[in-house]
1. Output the residue which, of all residues in segment 11-35 that are small (Gly, Ala, Ser) and closer than 19 Å to Met1 by Cβ, is modelled with the lowest pLDDT.
2. Are any residues in segment 36-62 surrounded by fewer than 10 Cβ atoms within 10 Å (Cβ to Cβ) and modelled with pLDDT of 80 or more, and if so, which ones?
3. Among the residues that make up segment 36-54, is at least one of them at negative phi, acidic (Asp, Glu) and either outside any helix (DSSP H, G or I) or in contact (Cβ under 8 Å) with a residue 12 or more places away in the chain (or both)?
4. Quick check, is Arg21 touching a Pro at 6+ places or on another chain (Cβ under 7 Å) and part of a helix (DSSP H, G or I)?
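The values are calculated or read from the model by the stated rules, or taken from the named source; none is laboratory data. Fair warning: this is a prediction, and the values are worked out from it, not measured in the lab. Virtual Cβ from ideal backbone geometry, glycine too; neighbours counted across all protein chains shown.
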Amino acid sequence: METLIIEIPENKSTLVKSLLRELGVAYKKSAKKVKEPNAVTRKTIDDARKGIGVGEPITDIDKYIDSL
């Protein structure tokens, strides 16, 4: 048995699923991909945790938001 991961456009999913059923192929939805932040966002988050640009390191998000 072989496992393939195939990404298809949403508007073609019904067609592909029906074709797979006709061929007797089992399919299942894969888990949603976790979106990774881009490099700028990662750097901003790291800087904020270190206190760069916000005065001091963020240790409590509620206190930080209240201070805004």
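1. Residues of segment 11-35 that are small (Gly, Ala, Ser), as a first pass: 13, 18, 24, 26, 30-31.
Going one step further and asking which of them are closer than 19 Å to Met1 by Cβ, we end up with 24, 26, 30.
Values: Gly24: 87, Ala26: 78, Ser30: 67.
For segment 11-35, the residue satisfying everything is Ser30.
2. Scanning segment 36-62 gives Glu36, Asn38, Ala39, Val40, Asp62.
3. Of segment 36-54, the ones at negative phi are 36-50, 52, 54.
This time we only want the ones that are acidic (Asp, Glu), so: 36, 46-47.
Filter again for either outside any helix (DSSP H, G or I) or in contact (Cβ under 8 Å) with a residue 12 or more places away in the chain (or both), leaving 36.
Scanning segment 36-54 turns up at least one residue that is at negative phi, acidic (Asp, Glu) and either outside any helix (DSSP H, G or I) or in contact (Cβ under 8 Å) with a residue 12 or more places away in the chain (or both).
4. Numbers: touching a Pro at 6+ places or on another chain (Cβ under 7 Å): no; part of a helix (DSSP H, G or I): yes.
No: the conditions fail for Arg21.
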